[in-house]
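Reviewing the structure listed below.
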Amino acid sequence: MNAAMNAMLLDNLKLLSLSTMIQNLSAKLRQAKEGKIAYEEFLLNLTEIEVQVRRENGRKRRIKEAGFPLLKPLETFDFEAATDLDVRYIQELTTGEYIEEKRNVIFLGKSGTGKTHLATALGMEACTSGYRTRFVTGCGLANELIEARDEKILSRVIKRYAGYGLLIIDELGYVPFSKEGAELLFQVLAERHEKRPVIITTNMGFGDWTQIFGDPNLTGALLDRITHKAHIINCTWESYRLKETLKNKRRNSK
Ligand code: ADP
Ligand code: MG
């Protein structure tokens, strides 16, 4: 290939925004010449790097956009500490089948049992698989919706929350909602129902949800929707945080 052709090729790759291919072009051309690689294989090698880089950039972008409070991947979750939790069940969830099937996942249990950790881990897996994901707390979401209503941008904000491939609502129930907050949250969940899943973490049993949402009718309608076909995981084991604290105390007192 002469210099003019090479320049045209680089121009074309630039126009097509194939920057990783541009970076690797001369090295791959050299390898192809030395190794007598077939045209198809050369093109495959070159496009493969571009695809990999884009996939990784997309994953990073989605993880950033998700707004996880801390990055807690599944590899850092100690299943031995979560007695009663079936590793296979969680591993099955990491395949993202529940997202395809539009089934919600609900983690119920005491504080410190790893609900947020597991919800984050599933969220990170979803980002890797290409789903736009958003992590919010119940309280944060309700406040955002109330503000959006005041600013007359509610329908736009609801549309955004309805559109995420996966929505994680953490700590539902730690603080009860105002009547307005409960109604707006209901709207978001109703919009997503059977279209896109939510992961919910809560320290309240379903029987106590009227305390969170106030109105028994609204609570009934909401529970009906979110528990429909949902994966419900009861985190009945001891608090990991408490166990760690006790371990440290014992170590320090020795
Ligand atoms: P919850 O949301 O149920 O209150 P968190 O997920 O916030 O609990 O867990 C509390 C802390 O303990 C976090 O730092 C979390 O990463 C850690 N943790 C909880 N369970 C485990 C576990 N089984 N393995 C590793 N770390 C855990
Ligand atoms: Mg939590």
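Given the criteria at positive phi, among the basic types (Lys, Arg) and surrounded by fewer than 21 Cβ atoms within 10 Å (Cβ to Cβ), does Lys110 qualify? No, not satisfied. If I filter the stretch 227-248 for residues that are of a type in the set (Lys, Arg), open to solvent by 90 Å² or more (accessible area, probe 1.4 Å), part of a helix (DSSP H, G or I) and over 25 Å from Leu93 (Cβ atoms), do I get at least one hit? Among the residues of the stretch 227-248, at least one is of a type in the set (Lys, Arg), open to solvent by 90 Å² or more (accessible area, probe 1.4 Å), part of a helix (DSSP H, G or I) and over 25 Å from Leu93 (Cβ atoms), which makes the answer yes.
Which residue out of Leu122, Leu189 is of a type in the set (A, V, I, L, M, F, W, C), within 16 Å of His228 (Cα to Cα) and not assigned by TED's automatic domain parsing to the domain that holds Val51? Even if it seems obvious, please write down each step before you answer.
Details: Leu122 fails: within 16 Å of His228 (Cα to Cα).
That would be Leu189, the only listed residue that is of a type in the set (A, V, I, L, M, F, W, C), within 16 Å of His228 (Cα to Cα) and not assigned by TED's automatic domain parsing to the domain that holds Val51.
Only residues that are surrounded by fewer than 20 Cβ atoms within 10 Å (Cβ to Cβ) and in a helix (DSSP H, G or I) were counted across the stretch 190-208, and they come to 5. The criterion of being open to solvent by less than 60 Å² (accessible area, probe 1.4 Å) and either part of a helix (DSSP H, G or I) or free of Cβ contacts under 8 Å to residues at least 40 places away in the same chain (or both) holds for Gly220.
Here's the yes/no breakdown for (1) open to solvent by 80 Å² or more (accessible area, probe 1.4 Å); (2) without any contact (Cβ under 8 Å) to a residue 40 or more places away in the chain; (3) closer than 27 Å to Gly138 by Cα:
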site: Leu10; (1), (2), (3): no, yes, no
site: Arg30; (1), (2), (3): yes, yes, no
site: Ala38; (1), (2), (3): no, yes, no
site: Lys72; (1), (2), (3): no, no, yes
site: Asp78; (1), (2), (3): no, no, yes
site: Asp84; (1), (2), (3): yes, no, yes
site: Arg103; (1), (2), (3): no, no, yes
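Condition test on Glu171, is it more than 16 Å from ligand 2 (Cβ to nearest atom) and open to solvent by 10 Å² or more (accessible area, probe 1.4 Å)? Talk me through it step by step, then tell me what you get.
Details: more than 16 Å from ligand 2 (Cβ to nearest atom): no; open to solvent by 10 Å² or more (accessible area, probe 1.4 Å): yes.
No, not satisfied.
The values are calculated or read from the model by the stated rules, or taken from the named source; none is laboratory data. Note that the coordinates shown come from a computational prediction; the quantities given were computed from them, not determined experimentally. Every residue, glycine as well, gets a Cβ built from its backbone with ideal geometry; the counts of neighbours run over all protein chains shown. These accessible areas exclude ligands, DNA and RNA; they are computed on the full protein's heavy atoms, side chains included. Shrake-Rupley method; radii C 1.70, N 1.55, O 1.52, S 1.80 Å.
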